[in-house]
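Let me begin by presenting the structure, written as C-alpha cells, before commenting on it.
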Amino acid sequence: MKKRWILLVGIFITIALFIVTTPAMAAKYTIKIVHNANMADEDYDGAMVFKDFVESHSNGQIMVEIYPGTQLCGNARECMESIQAGILEVYITTIGGFSNLYPEAQVLDLPYMFRDDRTAECVFDGPYVEELRRDVLKKLKNVRLMVIGNTGGWRNFATVKKQIRTPDDVKGQKLRTINSDIQIEMVKLLGGNPTGIAWAEVYTSLATGVVEGSKNGITDIVGMKFHEHIKYMTLDGHAYMAALWMMNDNLFQSLPLDLRKVVVDGFINLRQVVRAYPKRRQISAYEEFKKSGGTIYVPTAAEKKMFQDAVAPMRKWFTDKYGTKALDQLNDHIKACERQIDAAYAIDTK
C-alpha cells in the first residue's frame, strides 16, 4: 500500500511539473518588457495584460517577461539602444526619454496642443501613429513604435508654497523638469527656473527646497508621496503624458503572421489599460491629496488663455530648431479629430 501511494505521488508530481514547465519549454520566442515604474503603476498593469493576452493567444509560443523599475538598463537612452541592439524586446518611453534619440518627438510635448483626452486618443488611434512609426523606423533602425498610451494623465503645475493661477505666478519658481529641451524652454518662457532632476531624486529635492514644484499628474504625485511636500495643484493640463511603447523590429518581423497579429492585439489591450487606469486612480489620488492639506485650482477659461498666449512662441521655437513638418503633420491630425468629435457632438447631443 505504501509503495502504491509513493507511486501515485510520483505520478502526480511528474504531471504537475509537466504542466508547469511545458509552456516555458514550448515557447519559441521571448519578449522582455522593461519600464521605469513600480508594480503599482499603470505601466505594469498594462504590461501584465499584454503578457496574459500574448502568452494565452499564442498558445505558449511566446513567453513574456516583465522587468519593472528599469532593471535591465539604466536610462532612456540606454534602454532605447538596447531595443536597437536586440538586447531588449519592448520598452516604454515618455517624450522626454525618446527625444534624446528622436528630437522631433518633442512636438507631442508642445504645451496646450490637445484640448482633451478624447482628442489625444483620437489622434493616437489614427493614421498619425503609422506615419510616426514609419519615420521612426527610418531614422532609428530596428525600433518599432507599437502604440501610444498614457502614463499619469496630464502634466499640471504642482507647487510647495505658492498657488499658480496665472503665468505671473510662475515667475521665480524653481520647477523640476524632465531632461527635455521643450519642457525647460516652457518654464523659462513663463519666467520660472527650470531644474533638471532625476525622477528618483524628486522627493528629496522637494523636501530640501532644491525645487519648489514640479509638472506632473496627480497619480504620480501621490504614488511617489510628493504630496507630503506639494500642497498646491493647478489643473491647466498643459501636456498629455503620452507613453510610446517601442519594440525590437527584427523580432517582430521574425514572427509568423498569426503571431504578429497576436502581438498587435496584445498592445491594443495594453493601450486600453494604460489609458483607463490613470483616470480611475486619479479619483482616490485627488482625495488623498486634499486629505493631506492640498489645494486644487482649476484655471478659468480666461486664465488658461493667458497661459496659452504666454507660451505661444514655443511653436516658433520648435519649428526654428526642427522645421515645420512635424508640427504641421500633428496639427493636421488634431484638426481632423476635432472636426470628427464636433460632428459626433452635433449628433449625440440632439
- Which of the residues spanning segment 286-307 are in a helix (DSSP H, G or I) and touching a strand residue (DSSP E or B) at 6+ places or on another chain (Cβ under 9 Å)? Tyr286, Phe289, Lys290, Glu303, Lys304, Phe307
- For segment 178-191, pairs from a residue that is more than 11 Å from Met314 (Cα to Cα) and surrounded by fewer than 16 Cβ atoms within 10 Å (Cβ to Cβ) to a residue that is polar (S, T, N, Q) and modelled with pLDDT of 95 or more, with Cβ under 6 Å and 6 or more apart or across chains, are none
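Would you mind stating whether Ala242 is of a type in the set (Gly, Ala, Ser), at negative phi and surrounded by fewer than 19 Cβ atoms within 10 Å (Cβ to Cβ)?
Against the criterion (of a type in the set (Gly, Ala, Ser), at negative phi and surrounded by fewer than 19 Cβ atoms within 10 Å (Cβ to Cβ)), Ala242 does not qualify.
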- Query: Under 6 Å by Cβ, and 6 or more places apart or on different chains, what pairs join a residue from segment 248-261 that is under 18 Å from Arg134 (Cα atoms) with one that is buried (at least 18 other Cβ atoms within 10 Å of the Cβ) and not basic (Lys, Arg)?
  - Reply: Asn248/Ile83; Asn248/Glu89; Leu251/Glu89
- Message: Exactly one of these conditions fails for Ile283: (1) out of contact with any strand residue (DSSP E or B) (no Cβ under 7 Å at 6 or more places or on another chain); (2) closer than 22 Å to Ile218 by Cβ; (3) touching a residue at least 40 places away in the same chain (Cβ under 8 Å). Give me its number.
- Response: (3)
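Could you check segment 90-206 for strands (runs of 3 or more DSSP E) lying wholly inside it with 1 or more residues that are under 17 Å from the mean Cα position of the chain (by Cα), within 23 Å of Phe267 (Cα to Cα) and hydroxyl-bearing (Ser, Thr, Tyr)?
Details: elements: 90-94, 143-159, 174-177, 193-196.
Answer list for segment 90-206: 90-94, 143-159.
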- Query: In segment 139-154, which residues are out of contact with any helix residue (DSSP H, G or I) (no Cβ under 7 Å at 6 or more places or on another chain) and at pLDDT 95 or above?
  - Reply: Trp154
- Search result, residues across segment 78-112 that are farther than 18 Å from Met241 by Cβ and either among the hydroxyl-bearing types (Ser, Thr, Tyr) or touching a Pro at 6+ places or on another chain (Cβ under 9 Å) (or both): Ser82
- Taking the residues in segment 250-287 that are within 19 Å of Lys225 (Cα to Cα) and hydrophobic (A, V, I, L, M, F, W, C) as candidates, determine which candidate is surrounded by the fewest Cβ atoms within 10 Å (Cβ to Cβ). Ile283
- Task: Answer with yes or no whether Ile87 is out of contact with any Ser or Thr (no Cβ under 6 Å at 6 or more places or on another chain), in contact (Cβ under 8 Å) with a residue 12 or more places away in the chain and either farther than 21 Å from Asp249 by Cβ or outside any loop (DSSP other than H, G, I, E, B) (or both).
- Result: no
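Filter segment 39-50 down to the residues that are part of a loop (DSSP other than H, G, I, E, B) and touching a residue at least 40 places away in the same chain (Cβ under 8 Å), then identify the one that is surrounded by the most Cβ atoms within 10 Å (Cβ to Cβ).
Asp41
Got a number for residues in segment 51-74 being outside any helix (DSSP H, G or I) and surrounded by 14 or more Cβ atoms within 10 Å (Cβ to Cβ)? Lay out the reasoning, then the answer.
Our first condition is that a residue be outside any helix (DSSP H, G or I); within segment 51-74, this holds for 58-74.
Still in the list and also surrounded by 14 or more Cβ atoms within 10 Å (Cβ to Cβ): 58, 60-70, 72-73.
Of the residues in segment 51-74, 14 are outside any helix (DSSP H, G or I) and surrounded by 14 or more Cβ atoms within 10 Å (Cβ to Cβ).
A quick yes/no check of all residues on (1) crowded, with 16+ Cβ neighbours inside 10 Å; (2) within 30 Å of Ala276 (Cα to Cα); (3) modelled with pLDDT of 50 or more:
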| site | (1), (2), (3) |
| --- | --- |
| Lys3 | no, no, no |
| Ile15 | no, no, no |
| Val20 | no, no, no |
| Ala26 | no, no, yes |
| Lys32 | yes, yes, yes |
- Query: Any idea which of Thr324, Thr349, Thr295, Thr300 is polar (S, T, N, Q), surrounded by fewer than 14 Cβ atoms within 10 Å (Cβ to Cβ) and in contact (Cβ under 8 Å) with a residue 24 or more places away in the chain?
  - Reply: Thr295
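Is it true that Lys279 is modelled with pLDDT of 95 or more and in a helix (DSSP H, G or I)? Outline the logic, then answer.
On the way: modelled with pLDDT of 95 or more: no; in a helix (DSSP H, G or I): yes.
Taking the combined requirement at face value, the residue does not satisfy it.
Listed here are the residues, each with its yes/no results for (1) at pLDDT 95 or above; (2) outside any strand (DSSP E or B).
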| site | (1), (2) |
| --- | --- |
| Thr219 | no, yes |
| Leu235 | yes, no |
| Leu259 | yes, yes |
| Phe267 | yes, yes |
| Gln272 | yes, yes |
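The values are calculated or read from the model by the stated rules, or taken from the named source; none is laboratory data. Quick caveat: nothing in here was measured; it's all calculated off a predicted structure. Here the Cβ is made from the backbone with ideal geometry for all residues, glycine too, and neighbour counts use every protein chain on show.
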